[in-house]
Amino acid sequence: MAKAIVEIKNVNKFYGDNHVVKDLDMEIYEGEFLSILGPSGCGKTTTLRMIAGFEQQTDGVITVEGERVENKEPFERNVNTVFQSYALFPHMTVHDNVAYGLKMKKVKKAEIAGRVEDALSMVRLEGFGKRYPAQLSGGQRQRVAIARAIINNPRVLLLDEPLGALDMKLRKQMQIELKNLQKQLGITFVYVTHDQEEALTMSDRIAVMSGGVLEQIGTPAEIYEKPTTKFVADFIGETNLFEAVEAHVRDDGTVCLNAEAGELTGADPRFSAAELVYLSVRPEKTLASESPVTGFSLRGTVRENIYIGTVVKSTVVLQNGQEIRVSSIAGAPVPAAGSARYIHWNPGDAVIIHSKSNTILDLMDSLDLGAYVAGGA
Amino acid sequence: MRKKRKAAAKKYTSRVFSALVYLFLYAPIAVVILFSFNTSRRNVLFEGFTLDWYKQMATNHALLESFGNTLAVAGVSTLIATVIGTLTAIAMFRYKFRGKTIIDLLLYIPVVIPEIVLGIALLSVFSLVHVPLGLGSMIVAHVTFQIPFVVFTVRARLSGFDRSIEEAAMDLGANRVRVLTGITIPIIAPGIVSGAVLAFTLSIDDIIISFFTTGARSTTFPLKIMELVRSGVSPDVYALSTIIILATFVVVLISQISVYKANQRALKSKYKEKQK
C-alpha cells in the first residue's frame, strides 16, 4: 500500500464538555485525494483544523511526514489550507496575495514574480495580478485562494469546503479542475465536504464521519457498495434499509433473515446466531416482480412512479407500511400504480451491516459476564 | 393641477428648511470669520476690513503658546490612546477570558460619567501620588477618556473581520507579529484612523478635565479662551479661530474627496464585472 503522509492516531478533541472528535484513527496516503465527508457538526472541519494547527487535539498523536506536529505552530507546518470563505487579504492585490507565502519564506523577489505567474496560470487567472479581491467574482476568488496555497509546494493541501459558496454549474466545473490540478501536482489533497456527490466524483478515498466518529474509510466504490455501518448506508445515496434477525444459513451460503416486513435474503457468512443486523439494498438493485420469489416474502403495493429522465423511481409500500424505493432504467416495463408487487433482490447485491450494539453484546459474551455474576452470587 | 402645486410647495418648504438648518449651523462660524477682519474691537458692527488682528495674533505669545500646548497634548495623548485602544479592541475581539464582560462594562464608564467627576477624580489621584500638574498630567488625563472611544471605533471595524484571514496568513508562514502588523492592522486601519481622529478632536476642545489637571503654566487654547471671555474676547482670538476653521475645512475636504474617489473606483470595477 501507499506510504502514509499524515497519520492520525487515537485523536480526541473536546470543546469544554463537548466531545467533537472521538478516538479518531486515520492514515492519509501520499499523493491521494482524500475526502472527509459528513453532515455538519460531525467533526470533519475540526479534524482538518487539527492537521493545519489551528486547533490542538485534546489527546492522541498527529504526524505529518512522520513528525509529530502538536508542538508546531500553523506557520511551522508544511501544509497549506484553502478556506471556505477564501480568506483572501482584502488590502492586497491578487499578485501580493499569491506571493505572500513566498515572501514569508524570504524567497528572492525575482523568483517570486515568476512563480506567482506560474501559479496564476495554473488556475487560469493570467493577467489578474493587479486586481484586488473585491474586484473578482466568487469563482475567481476561489482560484486565487488555491493559487496562494499551492505556490508554497505543500506536501499536503487541506481544503475546507472550498466550493461551498459557488453555484451549481461553477461547482461542477471547479470539481473537475481541482481533481486535474491534484493529479498534475501530485500533492495530497484532504478535502472536507458535506456533499456526497462531490466526494464520490473527486476522491481516491472517502472518510465518512458522523458525530465525531470515523464511520468508514475506503474508495468511493467501497463506500457506496459495501457500507459497513448503518449511517454510511443511509447517508451515501439512497437505500432500502431493513432491521432483521438471522433465521438460518442456507447451503449456498446465503442467509435467510426475518424482518418486520417479512422474510428476506442476503449473503454474508460472518454470522452469529440471533444477531440483529441491518440489511441495505440500493434502489437500482431492488426488483419488483409480479410473483413471489423464494427466500422473500415482501409484498407491497406500488404507490407511484416518477420519471426523471434516465430512470423511473417507483415507490412500493409494504404491508407493514415501510416504503421501498425501486429505480429501473427508463424504457423498461414499469409496474402500474396500485398494482401488487413482490420485492426481492439478488442476495449478493444486499449488504448486511453488523450493528454496533451487537459488538457490545459480543464483547459481553466474550467476557462471560453471566458467569461472573453467577459466581459472585 | 392641485397635485402639481402641492408638489411644488413641498419642494419649496424642504428647501427653506434645509437652508435654515445650514444657517443655524454655520452663521455663528461665519460671524467669527467676519469679525476676525473687522477694524472695530467690539463685535457689534462691521466697520471695515483689516488684517491687523492676524498680525497681533502672530505676536501674541501667550495665545500661540496655549495653542502649541493644545496640539502637543492632543498629539501625544492621541498616539498613546490609539495604541492602547487598538490593542485592547483586538484582544477583546480575539480572546475569551474571565471578566471580559466586566472590562467591557468598565470601558463605558469614562464615556458616560460626567466629565467634572472624572476631572476631580483625576486631580485627587494626581495629588495623592504627587504627580506634578502640567502637560504630563494633562496627557495622562486625556488618554483616560480617549481610550474607550478608540476601542469602540476599532471594535466596530473588527466586527466584520473574518478571523480565517489571520489563520490564512499564519498558514502561509507568518508568525503572530507579522500577522498583526501585515494583515490585521492594515485591514482595520480605517477604524484606527477614525478612532484617532475622534480622540484628537475630543482632546483639542476639552475644557473641564483639562481645567482640573493642568498646571499653572501650561494653559491650553480652550482654557485660554475661557480666561479671555471674562475680560472680553479680542479679535485676535477670532483670527486664530478662523485659521483653525480653515484648517479643519481643508482636512475634511481632503478626506471626503479620497472617500469619494475610493467609492468611484469600487463602482467602476463593479460595473466592469457586470458588463462581462
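Observations
- The A:Tyr15 and A:Asp167 beta-carbon pair, evaluated with R₀ = 35 Å, returns a calculated FRET efficiency of approximately 0.60.
- Cα centroid separation, the range B:194-244 to the range A:126-142 (Å): 50 Å
- Chain A contacts chain B over a buried accessible area of about 2100 Å², both sides summed; the probe is 1.4 Å and only protein chains count.
- Farthest toward positive dipole pole in the protein assembly as shown [+1 Lys/Arg, -1 Asp/Glu at C-beta], among A:Ile223, B:Leu107, B:Val251: B:Val251
- Between B:Asp52 and B:Val197, the modelled labels are 3.9 nm apart [label points 7 Å from Cα along Cα→Cβ].
- Of all accessible heavy-atom area on the protein assembly as shown, the percent that carbon and sulfur account for (1.4 Å): 61 percent
- Dipole magnitude of chain B about its Cα centre (Cβ charges: Lys, Arg +1; Asp, Glu -1), debye to nearest 20: 2080 debye
- Rounded if a/c under 1.5, otherwise prolate or oblate - chain A, Cα gyration tensor axes: oblate
- Contact residues in the range A:83-123 (at least 50 Å² less accessible area with all protein chains than alone, 1.4 Å probe): A:Phe89, A:His91, A:Tyr100, A:Met104.
- Once each of the GluC sites (Glu not before Pro) sitting in a DSSP loop with at most 14 other beta-carbon atoms within 10 Å is removed, chain A keeps A:127-237 as its longest stretch.
- With R₀ set to 35 Å, the beta-carbon distance separating A:Val293 from A:Asp195 gives a calculated FRET efficiency near 0.45.
- Complex-versus-alone comparison for the range A:142-173, residues with a loss of 20 Å² or more in accessible area, probe 1.4 Å: A:Arg148
- About the centre of its Cα atoms, chain A shows a dipole size close to 1960 debye [charges on the beta carbon of Lys, Arg (+1) and Asp, Glu (-1) only; nearest 20 debye].
- Normalised per residue, the accessible area of the protein assembly as shown is 54 Å², obtained with a 1.4 Å probe and no contribution from ligands, DNA or RNA.
- GNM result for chain A, Cα springs below 10 Å: residue of A:Gly321, A:Gly60, A:Gly139 fluctuating most strongly: A:Gly321
- Ellipticity estimate at 222 nm from DSSP helix runs (n ≥ 4, -39,500 (n - 2.57)) divided over the protein assembly as shown, nearest 500: -16000 deg cm²/dmol
- Fully extended contour minus Cα-Cα distance, from B:Val251 to B:Arg217, at 0.36 nm per residue: 9.2 nm
- Chymotrypsin sites (Phe, Trp or Tyr not before Pro) restricted to the range B:47-130 and DSSP loop, no more than 14 other C-beta within 10 Å: B:Tyr95, B:Phe97
- When the residues A:Lys9, A:Lys3, A:Lys226 are ordered by accessible surface, computed with a 1.4 Å probe over the protein chains alone, the sequence from largest down reads A:Lys3, A:Lys226, A:Lys9.
- Candidates A:Ala247, A:Ala330, A:Ala199, ranked by Gaussian network fluctuation over chain A, Cα under 10 Å, top entry: A:Ala330
- Only one residue of A:Gly66, A:Ala110, A:Leu120 has its Cα farthest out toward the positive end of the dipole of the range A:62-138, where Lys and Arg carry +1 and Asp and Glu -1 on Cβ, and that residue is A:Ala110.
- Prolate/oblate/rounded call for chain B, Cα gyration tensor, a/c under 1.5 rounded: oblate
- Here the dipole of the protein assembly as shown is about 4600 debye; that uses its Cα centre as origin and unit charges on the Cβ of Lys and Arg (positive) and Asp and Glu (negative).
- Among the listed pairs A:Lys183/A:Lys230; A:Lys3/A:Lys179; A:Lys108/A:Lys179; A:Lys9/A:Lys106, a Cα-Cα separation exceeding 24 Å is found for A:Lys183/A:Lys230; A:Lys108/A:Lys179; A:Lys9/A:Lys106.
- Highest-MSF residue in chain B out of B:Val32, B:Val73, B:Val131 [GNM, Cα springs under 10 Å]: B:Val131
- Think of the protein assembly as shown as a dipole: +1 on every Lys or Arg Cβ, -1 on every Asp or Glu Cβ, centred on the Cα centre; then among A:His194, B:Leu71, B:Ala91, B:Leu71 lies furthest on the positive end.
- Once the Cα atoms are used to define both axes, helix A:109-122 deviates from the longest principal axis of chain A by about 30 degrees.
- Rounded to the nearest 0.05, the FRET efficiency derived from the C-beta distance between B:Val16 and A:Glu222 at R0 = 60 Å is 0.15.
The values are calculated or read from the model by the stated rules, or taken from the named source; none is laboratory data. These numbers were taken from a predicted model, which means no experiment stands behind them. Neighbour counts run over all protein chains shown; Cβ positions are idealised from the backbone, glycine included. Accessible surface areas use protein heavy atoms only, side chains included; no ligands, DNA or RNA. Shrake-Rupley method; radii C 1.70, N 1.55, O 1.52, S 1.80 Å.
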